[in-house]
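These notes are about the structure you will find just below.
The values are calculated or read from the model by the stated rules, or taken from the named source; none is laboratory data. Bear in mind the structure is a predicted one, so any value in this text is a computation, not a measurement. Note that each Cβ is placed from the backbone with ideal geometry, even for glycine, and that neighbours are counted across all protein chains shown.
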Amino acid sequence: MSTDAPSPVSAGRQTSAGRIEGGIDAVVIGAGPNGLAAAASLARAGARTVLLGATADIGGDGRRREIAPGVVVNDGEHLVSHLDATLISELGLYKHGVEYAARRLDTTYFFDDEPTITLSGDPTQGFQSPDVAALPHAAAFQRFFDEMIRGAGLLAPALAGPRFGGKGATLDEIIERADDEMRPRLMRYASASVDAVLEPVFDGGAFRDLLTAEATFRQGAGPHEPFSFLGLIKRFSGESAGLQGAVAYPVGGPAAVVDALRRVVQNARVDIRAPVKVRDIIIEYDKVAGVELAGGGQIRTSIVVYAESVQSLLSNALGAEDVDIEYQRRVARPAGAIASAQALIKLTKAPSAGDEASALANRLVYAPPAAALRKSFNDARAGAVPEKLAVEAIFPGAIERAGADDNDDIAPVLSAIAHPLPFDPAPSQETMDAVEKAVFDNLELIAPGLAKHIDVAEIRFAAGAGGVFGAPSPAVKDEKDAKSVLLTAAPRGPAPANVFDQWARANAAATASDVDGLFFCGPEAEIGVGLSCTAGRAAAAAALRYGRKKGRVS
Amino acid sequence: MIFAADDPLRDTPKPTALFAAAASYCEANAWTSVNGWSVVRLFTSVEEEMRAVRSGAVIADLGAIVRYAVRGEDAAEMLARLTTAPAMRLKAGESARGLILTDQGAVIDLAEVSRLSDELFLLTTPHPHGRRMRLAARGFNVAYDDISAQVAALGIFGPAARETAAKTGVDLAGEGATASGHVRGVETAARSTQFGAVPGVELVFPREDALTVWERLMRVEGVCPIGLDTLEVLRIESGAPRTGADFISAEHKITPHVRTPAALGLPHLAPLERGWFNGRRGLRGAAKPTRRLVALTLDTEEAAPGGAVLADARPAGRITTCAYSPAAKRVIAFADVAAAALKYPLEVAAPPPAEERVRAALLETPESALARDFLAMQKKSTE
């Protein structure tokens, strides 16, 4: 895997206290992936754009992490999912260094008592092994899967990202427009629980377990809770739409996409300024008039794209005195109770899977029995660490070297995400021990004997399942086995309730309280998990439409 | 201040602070429930009570109306966000009326804001809005309390209202003024109000002193109590709509129509030039109302809510509230009517058994006069 450090970004010029800058078409606040996507889109369309980052780390905090001397891994997201196809083509990300090691990752599912099943990343390909077709429920699964993929394809436009300025269809509009056969099915997909949809089709078995695990992975709703099935629709909406980056691995990992975005931003001559703190977004006559910086200077502009959290928008940049009460209510949600854990592991030797060597380059998922997963959600919600966790693991080195003749050069690194766990921003040592045990126990079901080959492992949890996994501090060293495990608590937000909740919240957040000239594309404007950048690209498009309509952008 | 619509389905309403006093004078023994409080509908008869209103001063128990004390350095900002009243511009001792709107500009409720001191405000609303207050207060340095159950409130209405208040120890400078004083040693906040053409004073004082203040006022010559039915006549005459009866609060969202201030005939209570308030952006982009709430006089002595309003002999709306006005000697009413129908002569279908049609005409009220002047001023400034 690539360990090249990204090229440094100039801190740019600063706006001094008392100075008022003009001649700027748009200001993008927040230099995460969505902020970069928005700034690049605006600048490439000809808008004079300033990008303000809160820290000097343009592209988001800590996207790579050195877990052992010389071993640098992607931190947070380890795959890209639903990477915005329009953004790739509009910004020419391939020319700026994005190269897929795997465009559509096949997934191998592991179970407690059933043989593994590998599903192709291309849903039209079906099962990869004839043995699988002979399994109980295989025919029913294929029929159900084809129907579900068809439904996901119809609902995909609404789940890709929020609507800006009324562009695009909502879930209810898509359902309303569907034909008589699809309408009730789509309604069920959008509102029912996983159990309610799967129960009539499967009375158990591996296929039901894998669908249940996929639907609820990194979601706050268990399989028995309403709206949880929409998680499965979102999971496969990229594949159903033929999206190449539906679940993909770029060379260098997801951080390589951010690096490419950063290069586009630099090439597009975006004026990057970081670290810069924003004190206020200036509103005059209900319209954006500029940005006031903490240093006292002002940048006058009629377009602001806000790519930081909605909480910071409400509490700092905009202030309650300019925000509609309903907007505040729609975007502010009570903290959830479910979170995920991430394990970054350096092994003592390169992985080898013998006859199943090709499976190493797949996305590997352990799917617990559906009933056990239901109990796990209940346990996690009650604050206990569950015994059974769904786990998604990849060997990044194996994916990058897929197709090579030997395994000798594969980097001995495993990255895994386990779910569901209780959201506990200040966990006790006892909880952390329980998390460690649960993560390793469940990982063993994917990679038997893994524990014997761990050189260094870092497990972090209490992080938001809807976004990155949080900052790596404060670190807590496990004294029992100093060699192998470093456990840290990452106090970020918990998982969103479900995809439906995310969809509603994203669409509400994107309205930015109807302040003319303000476009929101922070984490709350994302639907689903993973790196997609759809919100940033769509916010920039809406900002350009607004600017052109008002004659402020040529 | 306008009462919320009665809620007869709510069982066991609580007694207001003035319940015992009001009950001892309530010859008609006619009661209703508002916001869960027992309220007198009639003490004697509407005719008798209206005569008293026109001739001197009357008192009414306003304990069913909701009151919030809002304190803190951001109290004015928070109220300027929550309501359309110009809370930021109020000086201590001043009051202003406004509306509570959704972000779409739909009316949730009426509101009155009084500034009692630099950092203390009194917000009065027909309905409770605890949840909305909590939402609106996020991000502001304020504390608020629903003081409705801790205070007693009493209205003095009639041409001699201010003199009556002054005789009991509360002196008010003029319309919109707020003052504090003592009635028989009881600390009392007073606010000048206007119920249509009828001037009034609203007194708010500690609940435990309710009977003391009531008795003090009743000793003033000519003062008698009035009930909700008489206040209803005064309300319709004044042109103030009643939440839950003349329009459904936008918070309930059971009607597809967005009732903007203009649709309720209250555009002057939400002027866009007033500075930012919740719903201003929605109002700016709001379409012209397709339905209007209008005050009517009907050529009849009997009508009922729900009665059909006809324009050019075709159904155009319905009566929302109505009352017989002894002064006009006919029924006055609020009606929800299609805006396009207002250019035609209006009629109202009388209730059975008569079922005849009677002429209806738009009623000029103090509120509609304010709205007309406001719109004329707006048009002039646009030109």
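Condition test on A:Arg208, is it at positive phi and buried (at least 21 other Cβ atoms within 10 Å of the Cβ)?
no
Search the range B:271-281 for residues being in a loop (DSSP other than H, G, I, E, B) and surrounded by fewer than 23 Cβ atoms within 10 Å (Cβ to Cβ), and hand back the single one that is farthest from the other protein chains (Cβ to nearest Cβ).
Within the range B:271-281, the match that is farthest from the other protein chains (Cβ to nearest Cβ) is B:Pro271.
Residues checked against (1) within 23 Å of B:Thr320 (Cα to Cα); (2) in a loop (DSSP other than H, G, I, E, B); (3) in contact (Cβ under 8 Å) with a residue 60 or more places away in the chain:
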| residue | (1), (2), (3) |
| --- | --- |
| B:Thr12 | no, yes, no |
| B:Ala22 | no, no, yes |
| B:Ala28 | no, yes, yes |
| B:Thr32 | yes, no, yes |
| B:Val40 | yes, no, yes |
| B:Met50 | yes, no, yes |
| B:Val53 | no, no, yes |
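Strands (runs of 3 or more DSSP E) wholly in the range A:27-111 with at least 2 residues that are surrounded by 19 or more Cβ atoms within 10 Å (Cβ to Cβ) and in contact with a helix residue (DSSP H, G or I) (Cβ under 6 Å, 6 or more places away or on another chain) - which ones?
Filter on the range A:27-111 gives A:49-52, A:100-102, A:107-110.
Need a quick list: strands (runs of 3 or more DSSP E) entirely within the range B:300-383 having at least 3 residues that are touching a helix residue (DSSP H, G or I) at 6+ places or on another chain (Cβ under 6 Å).
B:314-325
From (1) on the phi > 0 side of the Ramachandran plot; (2) surrounded by fewer than 17 Cβ atoms within 10 Å (Cβ to Cβ), pick out the condition that doesn't hold for B:His257.
(1)
Of the residues B:Asp336, B:Asp299, which is surrounded by fewer than 23 Cβ atoms within 10 Å (Cβ to Cβ), out of contact with any Pro (no Cβ under 7 Å at 6 or more places or on another chain) and within 20 Å of B:Pro267 (Cα to Cα)?
B:Asp336
Taking the conditions exactly as written (within 14 Å of chain B (Cβ to nearest Cβ) and outside any strand (DSSP E or B)), does A:Arg374 satisfy them or not?
Spelling it out, it is not the case that A:Arg374 is within 14 Å of chain B (Cβ to nearest Cβ) and outside any strand (DSSP E or B).
Sort out for me the strands (runs of 3 or more DSSP E) sitting completely within the range B:56-106 that have 1 or more residues that are within 14 Å of chain A (Cβ to nearest Cβ), β-branched (Val, Ile, Thr) and surrounded by 23 or more Cβ atoms within 10 Å (Cβ to Cβ).
Counting at least 1 such residues, we get B:95-101.
Look at A:Pro334 and say whether it is part of a loop (DSSP other than H, G, I, E, B) and within 14 Å of chain B (Cβ to nearest Cβ).
yes
Kindly indicate whether B:His268 is surrounded by fewer than 17 Cβ atoms within 10 Å (Cβ to Cβ) and more than 14 Å from every other protein chain (Cβ to nearest Cβ).
No.
Would you please name the residue that is farthest from the other protein chains (Cβ to nearest Cβ), looking only at residues in the range A:492-509 that are small (Gly, Ala, Ser) and surrounded by fewer than 24 Cβ atoms within 10 Å (Cβ to Cβ)?
Going through the qualifying residues, I end up with A:Ala497.
Can you tell me which residues in the range B:123-161 are buried (at least 17 other Cβ atoms within 10 Å of the Cβ), among the small types (Gly, Ala, Ser) and away from chain A (no Cβ under 14 Å)?
Correct list: B:Ser148, B:Ala152, B:Ala153, B:Gly155, B:Gly158, B:Ala160, B:Ala161.
Here are the criteria: (1) touching a residue at least 60 places away in the same chain (Cβ under 8 Å); (2) surrounded by fewer than 22 Cβ atoms within 10 Å (Cβ to Cβ). Tell me which single one B:Ile236 does not satisfy.
Here B:Ile236 meets the rest and fails (2).
Under the condition of being charged (D, E, K, R) and in a loop (DSSP other than H, G, I, E, B), which residue from the range A:285-328 is farthest from the other protein chains (Cβ to nearest Cβ)?
Restricting to residues being charged (D, E, K, R) and in a loop (DSSP other than H, G, I, E, B), the top hit is A:Glu308.
From the list A:Arg183, A:Arg218, which one is charged (D, E, K, R), crowded, with 22+ Cβ neighbours inside 10 Å and not in a strand (DSSP E or B)?
When all the criteria are applied, what remains is A:Arg218.
Suppose the filter is assigned to a loop (DSSP other than H, G, I, E, B), away from every other protein chain (no Cβ under 14 Å), modelled with pLDDT of 90 or more and under 28 Å from B:Ala57 (Cα atoms); does B:Ala240 pass it?
When the stated conditions are applied, B:Ala240 passes them.
Look through B:Ala153, B:Ala165 and report the one residue that is under 22 Å from the mean Cα position of the chain (by Cα), modelled with pLDDT under 90 and not in a loop (DSSP other than H, G, I, E, B).
Answer to the check: B:Ala165.
Out of all the residues in the range A:254-262, is one or more at negative phi and not in a helix (DSSP H, G or I)?
no
If A:Ser358 passes every condition in (1) modelled with pLDDT of 85 or more; (2) closer than 25 Å to A:Glu99 by Cα; (3) hydroxyl-bearing (Ser, Thr, Tyr) but one, which one does it miss?
(1)
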